[in-house]
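Scroll down for the structure; my scribbles are underneath it.
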Amino acid sequence: MQPVIRITDLTKTYAGGYEALKAVNLEIDRGEIFGLLGPNGAGKTTLINIVCGIVTKTSGTVLVDGFDNVSDYRETRSRIGLVPQELPTETFETPLNVCRFSRGLFGKPDNPEHIEKVLKSLSLWDKKDQKMMLLSGGMKRRVLIAKALAHEPDVLFLDEPTAGVDVELRQDMWNVVQSLRESGVTVILTTHYIEEAEQLADRIGVINHGEVIIVEEKTKLMRELGKKELVLHLTDPLAGIPTSLGDFELELSDGGCELTYHYDTKRDHTGITSLLAALHDAGIKFNDLNTSQSSLEEIFVGLVHKDS
Amino acid sequence: MNYNAIRAIYRTEMARMMRTVVQSIVAPVLSTSLYFVIFGAAIGSRITEIDGVSYGAFIVPGLIMLSIMTESISNSSFAIYFPKFSGTIFELLSAPVSFVEVLLGYVGAAATKSVIIGVIILATASFFVTIEVAHPAIMLLFLVLISVSFSLFGFILGVWADGWEKLTIVPILVIMPLTFLGGTFYSISMLPPAWQTVSLFNPIVYLISGFRWSFYENADVAIGLSLGMAITFLSLCLIAIWWIFKTGYKLRN
Ligand SMILES: Nc1ncnc2c1ncn2[C@@H]1O[C@H](COP(=O)(O)OP(=O)(O)O)[C@@H](O)[C@H]1O
Ligand SMILES: [Mg+2]
């Protein structure tokens, strides 16, 4: 099946000379929920804004439903809904009016029933005639989601949808995302919380310094994330791994002075105790040890620490 | 063509005008009436007729032009500057619309307001003086042409301005002097010859002259020249906006 979005060799250099995207390649499947994970400044918003037409690309191509997003922008943009990271709102307008406006702007004829359904699904119906400036931040975000859904997009971008959002809205939002998925809408959300991607996404892409590092099924990625390694600094170098240690996933390096053991923190038995016992039995001594995480997890840990 | 988008923008902009009806309509009517009382009645009573037209009647076309020029610029510059300033413009930039729809919506609404204001001022003026319109069709053509052109100009200004200061400084420092010196309150022929020549470099002279011609058939420059100037100005603004949307100047990063 043709991917709903195909991004090829996409680069972006901002006017100041900053290279925000470096040859990004990405395919989004129809109907999936895709989590784009990356730290602040990684290029998530830049990527989304290019697809939506808000930022101009430097090179590369973006296809939406097979249409080029520059030469066939009417086709691509009418299929896309965007909920931006910031919360810009029309101060003096009402939720009902801005939704009507969005729907028209994206080329759809008036449909009060649809707008009513969208506003109700986001618990906004009783606020529909209030001036936006009187609404709280959470309510404004709801309105922005409602606006994006007002024109019935096939693809919905949620840029950091839960940054500074209360539990109730988060729940409403998850429900909306789930029901969108059931109706066949593709949802792409960016976040720097692993948990968020973990809860919702079918697939996860990790972006850092303008490069997509990895794209993987969530379940597979979660297994990867569990991997850790234990490094033992041996007192006397080994020529090879003794056969008595053959059951363990071991690697010898640094001229036989370093022994690395790969294990899975999510398994019931990490095997560390029995490895140490086996080393003792084989008479192998070590003077230091340290554990480290696989590089992917380092990125994640970096992300999580940055924001908690 | 995305007609629903044009309608959505136009409808929203017109609704904005209705919300601020005092500011949008009452204010220009009031200020024009004041000009009338001061220049038309108080001072004008001491001025003899100009080319066979009483001074009060003479200034009517100029006053209408003055109002629709400033109103067009301020309405459409604000209409596009505010979303840019608040960030809501992201939606316009991500929508399946070309500059044609955006212009028809925003500039169409701003120009509609101006034409309405122009007609209201004309009606207000007719309470003070007797006004004859010799060429109603040409009068209307000028009214629409100038409203549209200056709304386009305001749109460009709103896109270009990156602060409130810039937004207000151009109307005050450029447009207002040119309008006041453009023959709103006098005929260019009343100036010393040297200043008459200088005045011919002021494009607004041609616009006001042409509009006044449609009322009283007297003009500072030939009517064809006035029409030509109006159309040139309109075309220049259109080209500038086409370029803005093509390159994303000040709109897209
Ligand atoms: N308009 C801009 N001009 C120059 N640099 C920008 C602009 N917008 C974003 N950047 C830079 O591009 C990088 C990526 O930004 P962004 O896409 O917003 O990241 P993210 O959404 O992942 O936090 C950042 O380093 C940011 O400073
Ligand atoms: Mg961002």
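Note on segment A:135-186: among residues that are within 16 Å of ligand 1 (Cβ to nearest atom) and not hydrophobic (A, V, I, L, M, F, W, C), the one that is surrounded by the most Cβ atoms within 10 Å (Cβ to Cβ) is A:PRO161.
Can you find a residue that is more than 14 Å from chain A (Cβ to nearest Cβ), touching a residue at least 24 places away in the same chain (Cβ under 8 Å) and either loosely packed, with under 15 Cβ neighbours inside 10 Å or over 15 Å from the mean Cα position of the chain (by Cα) (or both) anywhere in segment B:204-211? The answer is no; no qualifying residue exists. Against the list (1) open to solvent by 20 Å² or more (accessible area, probe 1.4 Å); (2) more than 23 Å from B:TYR216 (Cβ to Cβ); (3) not in a helix (DSSP H, G or I), the condition B:ILE116 fails is (3). Looking only at residues in segment A:8-26 that are within 11 Å of chain B (Cβ to nearest Cβ) and among the aliphatic types (A, V, I, L, M), the one that is most open to solvent (accessible area, probe 1.4 Å) is A:ALA15. When A:LEU245 is tested against (1) open to solvent by 50 Å² or more (accessible area, probe 1.4 Å); (2) outside the structural domain of A:LEU37 (by TED's automatic domain parsing), only condition (1) is not met.
The condition of being assigned to a helix (DSSP H, G or I) and open to solvent by 30 Å² or more (accessible area, probe 1.4 Å) does not hold for B:ALA230. Of all residue pairs spaced 6 or more apart or on separate chains, those with beta-carbon atoms under 6 Å, a first member in segment A:87-100 that is surrounded by 21 or more Cβ atoms within 10 Å (Cβ to Cβ) and a second member that is part of a loop (DSSP other than H, G, I, E, B) and of a type in the set (Ser, Thr, Tyr) are A:GLU90/B:THR88.
With respect to (1) touching a Ser or Thr at 6+ places or on another chain (Cβ under 8 Å); (2) more than 12 Å from ligand 1 (Cβ to nearest atom); (3) of a type in the set (S, T, N, Q), the lone exception for A:THR94 is condition (1).
In the set (1) surrounded by fewer than 14 Cβ atoms within 10 Å (Cβ to Cβ); (2) closer than 19 Å to B:ALA57 by Cβ, the condition left unmet by B:GLY163 is number (2).
Tally up the residues in segment B:187-203 that are in a loop (DSSP other than H, G, I, E, B), free of Cβ contacts under 8 Å to residues at least 60 places away in the same chain and open to solvent by less than 80 Å² (accessible area, probe 1.4 Å), please. The qualifying residues number 4.
In segment A:164-179, the residues that are farther than 18 Å from A:ALA197 by Cβ form Cβ pairs under 8 Å with partners that are part of a helix (DSSP H, G or I) and open to solvent by 30 Å² or more (accessible area, probe 1.4 Å), at six or more places apart or across chains, as follows: A:ASP172/A:SER121; A:SER179/A:SER121.
Exactly one residue out of B:GLU71, B:GLU91, B:GLU49 is crowded, with 18+ Cβ neighbours inside 10 Å, more than 22 Å from the chain's Cα centre (by Cα) and among the acidic types (Asp, Glu), and it is B:GLU91.
Take the conditions over 22 Å from B:VAL119 (Cβ atoms) and of a type in the set (Val, Ile, Thr) and apply them to B:THR32. Does it pass? Judged against the criteria, B:THR32 is not a match. Taken together, the criteria exclude B:ALA240 from residues that are free of Cβ contacts under 8 Å to residues at least 12 places away in the same chain and out of contact with any Pro (no Cβ under 9 Å at 6 or more places or on another chain). Taking the stated definitions as given, is A:LEU124 open to solvent by less than 40 Å² (accessible area, probe 1.4 Å), more than 28 Å from B:GLU101 (Cβ to Cβ), more than 16 Å from ligand 2 (Cβ to nearest atom) and free of Cβ contacts under 8 Å to residues at least 40 places away in the same chain? When the stated conditions are applied, A:LEU124 does not pass them. In segment A:273-293, the residues that are open to solvent by less than 80 Å² (accessible area, probe 1.4 Å) reach residues that are among the small types (Gly, Ala, Ser) with C-beta atoms within less than 8 angstrom, at least six apart or across chains, in these pairs: A:ALA278/A:SER244; A:ALA282/A:SER244. The set of residues in segment B:66-103 being away from chain A (no Cβ under 13 Å) and aliphatic (A, V, I, L, M) consists of B:LEU66, B:ILE68, B:MET69, B:ILE73, B:ILE80, B:LEU103. There is no residue in segment A:49-61 that is more than 7 Å from ligand 1 (Cβ to nearest atom), more than 10 Å from chain B (Cβ to nearest Cβ), touching a residue at least 24 places away in the same chain (Cβ under 8 Å) and open to solvent by less than 10 Å² (accessible area, probe 1.4 Å). The helices (runs of 4 or more DSSP H) found wholly in segment A:81-200 and carrying at least 1 residues that are within 14 Å of chain B (Cβ to nearest Cβ) and modelled with pLDDT of 95 or more occupy A:95-105, A:112-121, A:137-150. Just one of (1) within 14 Å of another protein chain (Cβ to nearest Cβ); (2) closer than 25 Å to B:VAL170 by Cβ; (3) surrounded by fewer than 23 Cβ atoms within 10 Å (Cβ to Cβ) fails for B:VAL29. It is (1). Hey, any hits in segment A:202-215 for a residue that's within 16 Å of ligand 1 (Cβ to nearest atom), part of a helix (DSSP H, G or I) and touching a helix residue (DSSP H, G or I) at 6+ places or on another chain (Cβ under 7 Å)? The answer is no, given that none of the residues of segment A:202-215 is within 16 Å of ligand 1 (Cβ to nearest atom), part of a helix (DSSP H, G or I) and touching a helix residue (DSSP H, G or I) at 6+ places or on another chain (Cβ under 7 Å). When segment A:27-48 is filtered for residues that are surrounded by fewer than 21 Cβ atoms within 10 Å (Cβ to Cβ) and away from ligand 2 (no atom under 16 Å from the Cβ), the ones remaining, listed by number, are A:GLU27, A:ASP29, A:ARG30, A:GLY31, A:GLU32.
The values are calculated or read from the model by the stated rules, or taken from the named source; none is laboratory data. Since the structure is predicted, the reported quantities are computational estimates derived from the model, not experimental observations. Heads up, the Cβs are rebuilt from the backbone with ideal geometry, glycines too, and the neighbour counts pull from every protein chain shown. Note: accessible area is taken over every heavy atom of the protein model, side chains too, but ligands, DNA and RNA are not part of it. Shrake-Rupley method; radii C 1.70, N 1.55, O 1.52, S 1.80 Å.
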